[in-house]
Amino acid sequence: RRRPSNPNVLVAKEPKKDTKKEPKHANLFFGHLYNQPRLHSVVGASKDVHPAVLALGLQYSSYIICGSTARMVSMLVAFKAVIEDYQTPVGTSLARHLTSHHLSPQIDYLRSCRPLSIGMGNAIRWLKDVIIKIDPSTPESEAKRELITDIDNFIRDRVIAADQLISDYAAKKIEPGDVILTYASSSIVESTLLRAHLDGISFSVIVVDSKPLFEGKRLARNLSQHGIKVRCFSYSGAAHAVKDASKVFLGAHAMMSNGRLYSRVGTASIANLANSNSIPVIVLCESVKFTERVALDSIVGNEVAPAEEILSERERQALLPLKVNGEEEAVTTTNDVWKRVEEAK
Amino acid sequence: MAEGTAIATPGLSSFLKSLKTTPVEPSVAYLISLLKRRQIRNSRQCAVATTALLLRVVGEFKGKDSAKLVERIRQVGRRLTSAQPREVVVGNIVRRVLGLVREVVEDHLDAETNATSDIGHNSQPHNDSLSRPTLSSTISTFSPLKHATAEPLDASTHQSETMSDSGELPKRPGLLTSHTSYVPSSSAPLVNSLFGLFSHPDTPSTSNTPTGHQSPDNKGMLTSLNLERLADFSNSKFDVKAEVMDGIRELQDELDQSDDLIAANALDHIHSNEIILTHTASTGVQKFLLTAARKRKFTVVHVETFPHDHTGTHSVLLTGKNRDHSGDSEEDSFKPLRAAGIQVVMIPDSHVFAIMSQVNKVILATHTVLANGGLVAASGARMIAAAAKAHQTPVVVVSGVYKLSPVYPFDIDELIEYGDPGSVVPYEDGGFVDLVDVENPLYDYVPADLVDLYITNLGGHAPSYLYRIVADHYRTEDINL
């Protein structure tokens, strides 16, 4: 998990003007999901947005911070800085003013960089709840201090401790000689695998990776540096990878209240293949990612990214004529819904 | 090998060009090296190269002994298949040609021992009941032999033609009728010997199992009777070579036309406003979709098959031409689907499941179709088929009959080729490549139960029917090359 680093790690701002043309997408499947163009720069951000949040937004939109847990934690950490620098204007109280006037521009900005994850939504809802409950008579500095400890506790309880618990529990599911398959990269799967490795269980890992982010590569590198035997497959080789595996571990973006897993696009196919090979699929998910929303498939609600993102720089050049004609389009979605979940925590 | 250095980009076209000038042996060696270096790859090119080479092999063959011809073809075939065992199509073509030789000889023997007019009678109904008259009629008029020679030859060209063109009417029923009708008039041992004529004692296991083609007692009389027959044969004026070469040319015609014949089925399967999902840069599938696009408006979702075929996919979508196979030029280029007014959406492999709920039909291209109804296709096909199964979306496989192999997949891993891992993780990433095993399977095996329909140049078939087409196209004696 990456924390928001100091602002000088700011991504080089690419002058990208063409994002404005985005709504032209009369997209076949996900047309209803293209509601607003993605923001890739600080241009046009409201002046109320805190510098830490500005930096964070850029890190979101350039996928430097990705993965729903990492995004949620980094958002809370940024909000700590926001709260620290906050001063209640005269005539209002912190409980009334902070949420609606100061926090919401930050959230709007983050949302325009990349749609909020379910976990982030849950955390924001919790934070607003905490703020609203602050007694208006509390002095401002004390209230801010309280809020910051609350946020720290939230991260500790709901993420760090939960991860610890889950990885303790899930590591027990790994038996000597197992071949664990995982898709792309999930922080909790990674810590579980490392945990099991430290416990002295000998097992090997298959990482299935996919375009365009190649998150699995990072995971594979980390694991192999710890001495775990890792094999790496591209997504099209997934059928072969699943055939060799004995268990599948998946991370989650969210768990729907109808029992379905909402996770990185491509997860469903992996789970489906595992299911047809009768391999157990184990999903690791913190309860902060549970949502009361429901979904039957990936079309209902999803996050769409600009189509160019699935192409590498060279491919973008090659496929340029397609964009000119406008008849050709590529679809990127970030998440996938799969209907059967064997285990969740 | 010598030729390889002389020509700038070795490939199918350079091989076909050199075939005209080089003698047979170096050509065989050249094709072997091309196959080994993957300079000729993908089923179609392999099939074209193999037929062209076998045409030469038969053409150069000296002598009239058909048993030796069979042995010669078989020997070349063995060398080719061992050069690149995973290009199953090479073996298919060799088997088809072997079957052709056997058939020509058998028909001739039939004709020799029986009244010629009878044969003419017998084969006539076959012609009438051919279900696909378009191709067969052109080919039979094509053959110069038909008009130039006596009736028995006519019958045999016709026979080979049914073999190569129409699966519905196999030559085996023909054989059986001749069997039953002629047994009373001629001697039973003779008929038996005809059936066992070319069965090779070194491949006993396959030859006597499935079809009941051979009676168990024919092994005994094989030696004496056969030799006598063959001796007779080499004395006669009957030209096996010309017949077989004609047959091979028909096979070439079949290869040329198979995509178009498959495409002729397109309108039956693609309806207006459907959403069709396909993958890889297959010319067969593109032609299929284009044919439908002339009459109907639909949407194509194209999976890009990263990392080994995405450049091909991109260029097929853009220009209608597969950049990866630049070897074969003019005839393989066609209008891209977009130019035909079809909306094309390209998706990465990972998005298949998400979009499958909206898809009406999945059309898969294939590398090889196996006798049990399963297929070997570009990797990712298994995942697509499984996703389609989960959504109850029909999966249609488009394939020429030449890709249909008599091989049963007892060991699936044997059929899977692994490609350059550098395309999954580039070699620049040294630390990574050192630590992690990177694998890049090029093919997937898709079991028969994930496929709903096969469309070949003979029409549509259920996967469970394919064994029958295999039986019609290959002789049991040839299954083990």
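Quick note: the coordinates plus some simple rules give every number you see, no bench work behind them. Model, not experiment: these values are computed from the prediction. In this analysis, Cβ positions are derived from the backbone assuming ideal geometry, glycine residues included, and neighbour counts consider all displayed protein chains.
Phi angles across region B:276-287 convert, under the Karplus curve 6.51 cos²θ - 1.76 cosθ + 1.60 with θ = phi - 60°, into 3J(HN,Hα) values of 10, 10, 9, 8, 6, 9, 8, 5, x, 5, 4, 5 Hz, Gly and Pro given as x. Computed extension gain for B:R79 through B:T21, at 0.36 nm per residue and net of the alpha carbon distance, reaches 18.7 nm.
In this label model, A:S276 and B:D260 are separated by 3.6 nm, measuring between points 7 Å along each Cα→Cβ vector.
Taking each residue as 0.36 nm, the span from A:Q87 to A:K243 lengthens on full extension beyond its C-alpha to C-alpha distance by 50.3 nm. Of the cross-linked pairs A:K80/A:K289; A:K80/A:K217; A:K217/A:K247; A:K80/A:K133; A:K80/A:K229, those separated by over 28 Å at the C-alpha level are A:K80/A:K217; A:K80/A:K229.
Using DSSP to call loops (not H, G, I, E or B), can you name the trypsin sites (Lys or Arg not before Pro) in region A:104-150 whose Cβ has at most 14 other Cβ atoms within 10 angstrom?
Numbers: sites: A:R111, A:R125, A:K128, A:K133, A:K144, A:R145; in loops: A:K133.
Passing both the DSSP loop test and the Cβ count: A:K133.
Take region B:349-467, drop everything but the C-alpha atoms, weight them equally and run the Debye formula without solvent; then report log10 I(q)/I(0) at 0.09, 0.18 Å⁻¹ to two decimals. Here the Debye-derived log intensity ratios amount to -0.29, -0.92.
If the convex hull of the alpha-carbon atoms of region B:264-478 is projected onto planes in all directions, what is the mean projected area in square nanometres? Let's see the in-between values first.
Numbers: hull surface 53.2 nm².
Reported value for the Cα convex hull: 13.3 nm².
For a paramagnetic label modelled on A:V294 (point 7 Å from Cα along Cα→Cβ), amide N atoms under 18 Å away are absent within region A:264-284.
Can you give the FRET efficiency to the nearest 0.05 for B:A339 and B:Y465, using r as the Cβ-Cβ distance and R₀ = 30 Å? About 0.25, to the nearest 0.05. Backbone amide hydrogens, once placed in the peptide plane, bring A:F214 within less than 5 Å of nothing, excluding anything fewer than 5 places away on its chain. Taking the Cα centre of each part, how many Å lie between region B:16-60 and region B:415-469? So the two Cα centres are separated by 25 Å.
Using Cα centres only, tell me the gap between region A:109-161 and region A:189-216 in whole Å. What the calculation gives is 31 Å, centre to centre. Our coupling estimate for region A:107-121, obtained by passing each phi through the Karplus curve with A = 6.51, B = -1.76, C = 1.60 and θ = phi - 60°, is 5, 4, 5, 4, 5, 6, 6, 7, x, 5, 7, 4, x, 5, x Hz, Gly and Pro reported as x.
Find the relative contact order for region A:45-177 and round it to a whole percent, using C-alpha pairs within less than 8 Å whose residues are 6+ positions apart.
Numbers: 89 pairs, mean separation 43.5, N = 133.
Computed value for region A:45-177: 33 percent relative contact order.
Annotation: amide H-H contacts under 5 Å for B:Y418 (H modelled 1.01 Å from N, sequence separation of 5 or more, or interchain): B:L442. Pairs spanning more than 24 Å between alpha-carbon atoms, out of B:K17/B:K68; B:K17/B:K64; B:K335/B:K361; A:K173/A:K243; B:K295/B:K361; B:K295/B:K335: B:K17/B:K68; B:K17/B:K64. Spin-label pair A:L194-A:K47: with each label point 7 Å from Cα along the Cα-Cβ axis, the two points sit 4.4 nm from one another. Taking a point 7 Å from the Cα of A:E146 along the Cα-to-Cβ direction, the residues of region A:113-131 with backbone N closer than 15 Å to it are A:127-131. A simple rule links phi to the HN-Hα coupling: the Karplus curve 6.51 cos²θ - 1.76 cosθ + 1.60 with θ = phi - 60°, which for region A:278-284 gives 6, 10, x, 10, 10, 9, 9 Hz, with x for Gly and Pro. If a paramagnetic tag sat 7 Å from the Cα of B:Q392 along the Cα-Cβ line, which residues of region B:437-473 would have the backbone N under 20 Å from that point? Taking a point 7 Å out along Cα→Cβ of B:Q392, the residues of region B:437-473 whose backbone N falls under 20 Å are B:449-453. Once backbone amide H atoms are built at 1.01 Å from N, A:R264 has A:H253, A:D336 as its partners under 5 Å, excluding neighbours fewer than 5 places away on the same chain.
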